[in-house]
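Asks: Structure below; questions to follow.
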Amino acid sequence: MSWIDKVKSKASQIISRPEEAWVECKKCKETIYSAELEENFNVCPKCDYHFRLSARARIQSLLEPNSFTEHDQTLVSTDSLKFKDKKRYKDRIRASIKSGFSHDAIITGSGKLGEHDVELCAFEFKFMGGSMGSVVGEKITRAIERAIENKSAVIIVNCSGGARMQEGILSLMQMAKTASALQKLGEHKLPYISILTDPTTGGVSASFAMLGDFILAEPGATIGFAGARVIEQTIKQKLPEGFQTAEFLWDHGLIDSVVHRKELKGKLEQILSLLAGKN
Amino acid sequence: MVQILEFEREIFAVENQIRELVSLSHMYDSVGDITHEIGKLKKKLRRMKLDIFSNLNGWQKTQVARHPERPHTMDYVDGIFTDFCEQHGDRHGGFGPSIVGGIARLAGQTVMVMGHQKGRTTEEKLRRNFGMAQPEDYRKAQRLMNFAEKFRFPIVTLIDTPGAYPGIDAEEKGQSEAIAKNLMVMSQLKVPIIVVVIGEGGSGGALAIGVGDRVMMLEHSVYSVISPEGCASILWAKKDKVVQAADALCLTAKNLKELNVIDQIVHEPLGGAHRNHKRAIILLRKALKGQLNELLTIPVDKLLEQRAEKFRNMGIFGDITQESQV
Ligand SMILES: [Zn+2]
């Protein structure tokens, strides 16, 4: 029995708490020691599967240590439609806030990436699937407005299933609101880099996510407008292998580059300094 | 064959009664009594229509908005505008049959008019892809908008779509990018833009031609982030919850006016636009003229400022620091 097998058999005894020490890769099913996974940018060392990152971990992975100042963290959804399906929207919000990741599905703030000032927006998928309602739209808009004021770049790390149904038409309008803000940013000749991670779909994909001056995507990420199931039901055909993956979008000329997570920060630095016109 | 919605049955029954009495009155001499009876029934019919159509729920409105007999974009284009000169294609290899557009005259003024066209006959529905636009449709719309800006023509867009087309080729050609780009371009296009939801406002596929200085909705049209069917199957995991879903989504013209998402509700003829195209066209023409005359008096820079402000303010949220201070 090799050393790693011994450790693994030991690990099976604590499998009831897998998130603490061991994780199973969703793609190759390999069991990975979580410390090792973390050291490897939360990418499977065996198959390169990119695990989903929390907003905080994402910010940490991209910005210089202690350079991040969070903004607008006190904005919260108010359930203006009094929406109720099987659960009340109010209760869903409350439960999501209680789980402690954030007050809504995005964290925004200012920081340094290399020597560059950036406004960074990172989606938190654990908050209602990263869905976009009024708070997400407002926080992104404010980040863009701060960038205009401080003459800095905007980076959005997308990780969202799309618009938040529980805010009805108001969530749809966030698409127009953010696109309009980006139009202003462009008029000020300030850069916006969009990063697409798994998943980037629906109303998020059909607004700011696809409007980057540069659009980068993580390997294997699902990216698209319509959900795969909806498409299948509509056309009554099976979808081709690799449909709506980052690589598929690259093949069709829809994004600039598929970037491995461990190269992402370097790539962003390179782009930002090229855009700034100096090295 | 005329499609009768469930809540219209009573209305059609009374209409039949009236029709029978009218034909009787032609055959018999006791016209006095029958005329009196017809008058009573007509009054009853009017009250009934008023009562039913002013109390439609979200799902009933959705059915009216989707009614196959409802006036479509081309009905309004033909009825309201003159000299419509259709413009084709996105100039990048795409035809774009689901959105029709071109220059035309509205009360003497040249304007660009465009809208989703669902199609009336089976053949036309297929050709138009049921009004479900593909990237080339949106790029064609964008081309026409830039054209309008170049020649300083105001733009009128008419929205009537179940949603953007969900298909393999649509994704390959960049459905998301096509929609997103339109939102961006429309937000600062240097001519007045009037948007009217005439039937079904299906999510991003509708909004892609829906950013403007004035957004109006016909009285029985709907506008939503997702269809009631889609919402029911995702949030309730049950398709038969469409009635609840439609109400929860707040998708009626009245809902959207209260949420400050639209500026004006355009009245429809009693009983819905599908029962009286001619009257629906007159009512929309009047509303369009009113908005256009107002917008033409606003200088362009002011107009753009107001448009940016309008969409900047979309959304409702709270701030817990402020709440705790209060
Ligand atoms: Zn793996």
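Asks: In straight Cα distance, which aspartates and glutamates are under 15 Å from A:LYS151, not counting same-chain residues fewer than 8 positions off?
Replies: Those aspartates and glutamates meeting the cut-off are A:GLU115, A:ASP117, A:GLU119, A:GLU187.
Asks: Also, I was wondering about something else. Considering only region B:162-295, what is the antiparallel percent among its DSSP beta bridges, to the nearest 5?
Replies: The answer is about 10 percent antiparallel.
Asks: Here's a follow-up. Residue by residue through region A:196-202, which ³J(HN,Hα) values in whole Hz follow from phi under the Karplus form 6.51 cos²θ - 1.76 cosθ + 1.60 (θ = phi - 60°), with glycine and proline marked x?
Replies: Karplus values, whole Hz, x for Gly and Pro: 9, 10, 7, x, 10, 9, x.
Asks: With only alpha-carbon atoms in the gyration tensor, what are the semi-axes of the equivalent ellipsoid for region A:214-279, in Å, largest first?
Replies: 32, 11, 8
Asks: For region B:284-294, in order, what is each residue's ³J(HN,Hα) by Karplus, 6.51 cos²θ - 1.76 cosθ + 1.60 with θ = phi - 60°, in whole Hz (x at glycine and Pro)?
Replies: Residue by residue, region B:284-294 yields 6, 4, 4, 5, 4, 4, x, 5, 4, 4, 5 Hz.
Asks: Greater than 27 Å separation of Cα atoms is the criterion. Which listed pairs, A:LYS26/A:LYS126; A:LYS29/A:LYS262; A:LYS27/A:LYS86, meet it?
Replies: Listed pairs above 27 Å: A:LYS27/A:LYS86.
Asks: Can you list the residues, at least 5 places off or on another chain, whose amide H is less than 5 Å from the amide H of B:VAL197, using H built in the peptide plane?
Replies: B:ILE159, B:MET216, B:MET217, B:LEU218
Asks: Using alpha carbons only, how many degrees (0 to 90, rounded to 10) separate the axis of helix B:175-187 from the longest principal axis of chain B?
Replies: Its long axis makes an angle of about 90 degrees.
Asks: Evaluate peptide B:162-171: per residue, the Cβ atoms of other protein chains within 10 Å of its Cβ; return the mean as an integer.
Replies: 6
Asks: Ignore the peptide's own chain and count Cβ atoms of other chains within 10 Å of each Cβ in A:184-191; give me the average, rounded.
Replies: 1
Asks: For chain B, what D do you get in µm² per second when you plug the Kirkwood radius from alpha-carbon pairs into Stokes-Einstein at 20 °C and 1.002 mPa s?
Replies: 101 µm²/s
Asks: Just want to confirm a number: the relative contact order over region B:40-131, from Cα pairs under 8 angstrom separated by 6+ residues, in percent.
Replies: 20 percent.
Asks: I'd like the isolated cysteines in the protein assembly as shown, meaning no second cysteine's beta-carbon lies under 4.7 angstrom from theirs.
Replies: Result for the protein assembly as shown is A:CYS121, A:CYS159, B:CYS85, B:CYS231, B:CYS250, no neighbouring Cys Cβ within the cutoff.
Asks: Give the Rg/Rh ratio for region B:149-287, taking Rg as the radius of gyration of the Cα atoms and Rh as the Kirkwood radius, to two decimals.
Replies: With Rg and the Kirkwood Rh in hand, the quotient comes to 1.00.
Asks: What is the set of long-range amide H partners of B:PHE84 at a cut-off below 5 Å, with H atoms built 1.01 Å from backbone N?
Replies: Under 5 Å from the amide H of B:PHE84 lie the amide H atoms of B:ARG105, each far enough along the sequence or on another chain.
Asks: While we're on this one: Using only helices, what value at 222 nm comes out for the protein assembly as shown when you add -39,500 (n - 2.57) per DSSP H run of length 4 or more and divide by the total residues, to the nearest 500 deg cm²/dmol?
Replies: Calculated at 222 nm, the ellipticity per residue is -13500 deg cm²/dmol.
Asks: Something else about it: Ordered by packing density, taken as the mean number of other Cβ atoms within 10 Å over each peptide's residues, highest first, how do B:216-227, A:261-272 rank?
Replies: B:216-227, A:261-272
Asks: When the Karplus curve 6.51 cos²θ - 1.76 cosθ + 1.60 is applied with θ = phi - 60°, which whole-Hz ³J(HN,Hα) does each residue of region B:16-21 get, with x for Gly and Pro?
Replies: Here the 3J(HN,Hα) series is 5, 4, 4, 4, 4, 4 Hz.
Asks: Same structure again: Percent of Cα-Cα pairs more than 24 Å apart in region A:53-275, please.
Replies: More than 24 Å apart: 41 percent of the Cα pairs in region A:53-275.
Asks: Also: What do the square roots of 5 times the Cα gyration tensor eigenvalues come to for the protein assembly as shown, in whole Å, largest first, as semi-axes of the equivalent ellipsoid?
Replies: Over the Cα atoms of the protein assembly as shown, the semi-axes work out to 48, 28, 22 Å.
Asks: Roughly what % antiparallel, to the nearest 5, for the DSSP beta bridges in the protein assembly as shown?
Replies: 45 percent
Asks: Continuing with the same structure: Shielding by partners for B:225-233, please: the mean number of other protein chain Cβ atoms within 10 Å of each residue's Cβ.
Replies: Partner-chain Cβ atoms within 10 Å, mean over residues of B:225-233: 4.
Asks: Defining a contact as two alpha carbons under 8 Å apart and six or more residues distant in sequence, what relative contact order in percent does chain A show?
Replies: Result for chain A is 13 percent.
Asks: Would you look at the GNM of chain B, springs on alpha carbons closer than 10 Å, and say which of B:ILE209, B:ILE265, B:ILE234 moves the most?
Replies: Comparing B:ILE209, B:ILE265, B:ILE234 in a Gaussian network model of chain B, the most mobile one is B:ILE234.
Asks: Also: For the pairs B:LYS150/B:LYS310; A:LYS98/A:LYS265; A:LYS82/B:LYS257; B:LYS43/B:LYS239; B:LYS125/B:LYS150, flag any whose C-alpha to C-alpha distance is greater than 28 Å.
Replies: As for pairs spanning more than 28 Å Cα to Cα, those are A:LYS98/A:LYS265; B:LYS43/B:LYS239; B:LYS125/B:LYS150.
Values in this text are rule-based calculations from the coordinates and carry no lab data. Note that the coordinates shown come from a computational prediction; the quantities given were computed from them, not determined experimentally. In this analysis, Cβ positions are derived from the backbone assuming ideal geometry, glycine residues included, and neighbour counts consider all displayed protein chains.
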